Structures are given as structure tokens and as C-alpha cells.
Amino acid sequence: MTNKTVYLNGHYVPLDEAKISVMDRGFLFGDGVYEVIPCYLGHLFHFQAHVDRLTASLAGIGMVNPYSTQQWLEIFKPLIDNSENQYIYLQITRGVAPKRDHAFPDNIQPTIFAMCNNIMPFAGLETGVKAITLEDSRWKFCNIKAIALLAHLLLRQEAVEQDCAEAILIKDGVVTEGAASNVFALIDGVLVTPLKDNRILAGITRDVILELAEKNNIPCREDNISASELKTATEIWVTSSTREIIPVVELDGNPVADGKVGTVWHTMNTIFQAYKQSLL
Ligand SMILES: Cc1ncc(COP(=O)(O)O)c(C=O)c1O
């Protein structure tokens, strides 16, 4: 890995030299939030929506967004390579406290870290992937993009150990989301995705897909998906900023419909790629 430049607390430094205190509350408690923002050939994708979600995540943990959209843009610019498809990883923790105490300390500065990496094309986009359903073991505030991801990691790891690309999570008998993605299912010809509430992260990719579906007359709705409806769905997708729209062709060891990537996925993926191009 090259020793590329990253941003830490107002400075641009080589990655090797970016250091934080062990008293940082992100390190001690996972007390912070993050964002992942795609940047295609230098163009940040739905940047304002990502900034708005960041502001909401920060508010969710009692913090204030320290910068305006324009200021964030200025911070990110030096990290971006305009000839690549990349994503910005931004992490904000509550900062470094004098002692380890659960209650929020007064008057500390947040720790702000950002880096930019290339998006690697996801193997399985054209062929589809396997997924498993798992009980959603996470907390009550999944709408906050919190850096404390241990439950997500355990769930994803269980999927990987079962040779699956993603875990689709079920809470009280209904689908919430993937370990690191939102879920869409084609049910009776309608594209359905769970409602936005504190059980899921409001994915930016999810919102873009809903907008594009509406514009292109693909029937869609936000609604509960029961675990049994998921089993009989004719298509299942998992979506995220870095992997985009991934078709699931096998769920819990059973083929989704005929076990091949569905026609609605092909249509939506074409529309999505064209939309991305139109923003460059
Ligand atoms: C738990 C979870 N849900 C949904 C998403 C998708 O969000 P976005 O489309 O904004 O990347 C992610 C992305 O990493 C995620 O971690």
C-alpha cells in the first residue's frame, strides 16, 4: 500500500504518520460516526445527501456537524484523484478525553479523519451472490452511521464463513437490511424495500434506486418485507455506495427464482450506471 496522504484534524499527512491518542473516545468506546461517499472521476455522488446524513448521525450522538458542505468539499479535494473511481471515508469521533468516563466530557474537540481509496469493482455483480438470513442482533439506533460496528462485523463474518457475500437481517419476522447494505426484493412484480426508521441506515444508494425506479415506471414501494415474503421473492438485491446494486441469486442455500440474475436488476443496473455517467 502506498503511503498516501490522509486528512487528520486540519492536516494532510502521510497515512503512516497519521496518529491519534489512545484516549480518543473512538478508540476507547467506539464513540463516533462515519460516512462513505463515492467520488466518480472527481465528482462526489449525492454529496449533500451524505452531508445531511452525517449531520443526522452526529445529532444522534449529541454532536454538531463542525463544517458546512462547502468546507467539507475543500477538506476532501486534496485527497481525491480525478482519474479514478473512489470513495471518501470520513470518521468523526467525540475526541480525546482526559480520562475514560462513559459520560460525555465537556469542551473537547472532535477527532476528524478522512481518506480516499479506489473503489474496487465487485466480483459477483454480473453473476449474483449468495446471502444468508440472520437474526438482526444490533441495537436500536441503526439509523445512526456509528463507527461501533461489532454486531455488523459478526454478522458479515458469519455470512462469509458460510460462503456468502452478505447477511440479510431479520428482526421480529421482518427484513431490516444487510450487514453493510440495504435490501430490495421483487414481490409480485413490485420492488419493495423496508421503510426508513431506526431499524435501518437510510442508504443513499437506496434512495437513488427508489427515485430512478419512480422516474422509469418500475413499480416500487417502501414497506415491510416479511421473512417468508423474502423467501418467495423473484429478485433480491443488496445495495450500498461501494458495491452499488448486487443481485442475490441464492438465499439460505435455495435459488432465488431460477437462481439467475433477474431482468429487473439488469434494467435497474443499466439505469443506475447511465445516471452515474450523467452526473460526470
Ligand atoms: C448497515 C448499512 N446499511 C445500509 C448501507 C448502505 O448505505 P449507502 O447506500 O449510503 O452506502 C450501508 C453502507 O455501508 C450499511 O453499512
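The values are calculated or read from the model by the stated rules, or taken from the named source; none is laboratory data. Note that this is a predicted model, so its numbers are computed, not measured. Quick reminder, even Gly has a Cβ in these numbers, built from the backbone with ideal geometry, and neighbours come from all protein chains shown.
Out of all the residues in segment 44-101, which are under 14 Å from the mean Cα position of the chain (by Cα) and of a type outside the set (A, V, I, L, M, F, W, C)?
HIS46, HIS50, ARG53, SER57, TYR87, TYR89, GLN91
Can you find a residue in segment 79-95 that is in a helix (DSSP H, G or I) and away from the ligand (no atom under 16 Å from the Cβ)?
yes
Restricting the first residue to segment 140-168 and requiring it to be assigned to a helix (DSSP H, G or I) and at pLDDT 95 or above, which pairs with a second residue that is within 13 Å of the ligand (Cβ to nearest atom) and among the basic types (Lys, Arg) meet a Cβ separation below 6 Å and a spacing of at least six or different chains?
Qualifying pairs under 6 Å: ALA151/ARG138.
With among the acidic types (Asp, Glu) and either assigned to a loop (DSSP other than H, G, I, E, B) or under 17 Å from GLU244 (Cβ atoms) (or both) as the only criterion, which of GLU177, GLU214 stands out?
Every option except GLU177 fails the conditions.
Only one of (1) under 26 Å from LEU44 (Cβ atoms); (2) in contact (Cβ under 8 Å) with a residue 12 or more places away in the chain; (3) part of a helix (DSSP H, G or I) fails for LEU230. Which number is that?
(1)
Report every pair of residues separated by at least 6 positions or lying on different chains whose Cβ atoms are under 6 Å apart, first residue within segment 17-40 and within 16 Å of PHE141 (Cα to Cα), second part of a loop (DSSP other than H, G, I, E, B).
GLY30/ILE147; GLY30/ALA148; ASP31/ARG94; GLY32/ILE147; VAL33/LYS145; TYR34/LYS145; TYR34/ILE147
Do the conditions hold for ARG206, that is, is it surrounded by 22 or more Cβ atoms within 10 Å (Cβ to Cβ), under 29 Å from ASP163 (Cα atoms) and within 14 Å of the ligand (Cβ to nearest atom)?
yes
For residues that are basic (Lys, Arg) and touching a Lys or Arg at 6+ places or on another chain (Cβ under 9 Å), scanning just segment 80-103, find the one that is surrounded by the most Cβ atoms within 10 Å (Cβ to Cβ).
Ranking the qualifying residues of segment 80-103, first place goes to ARG94.
Counting only residues that are among the charged types (D, E, K, R), within 15 Å of the ligand (Cβ to nearest atom) and closer than 24 Å to VAL261 by Cβ, how many does segment 150-203 have?
3
Select from segment 55-75 the residues that are assigned to a loop (DSSP other than H, G, I, E, B), surrounded by 12 or more Cβ atoms within 10 Å (Cβ to Cβ) and hydroxyl-bearing (Ser, Thr, Tyr) and list them in ascending order.
Listed by number, the list holds a single entry, TYR67.
So CYS116 fits all but one of (1) within 28 Å of THR263 (Cβ to Cβ); (2) part of a strand (DSSP E or B); what number is the exception?
(1)
For segment 210-240, name all the residues that are surrounded by fewer than 21 Cβ atoms within 10 Å (Cβ to Cβ) and of a type in the set (Gly, Ala, Ser).
Selection gives SER226, ALA227, SER228.
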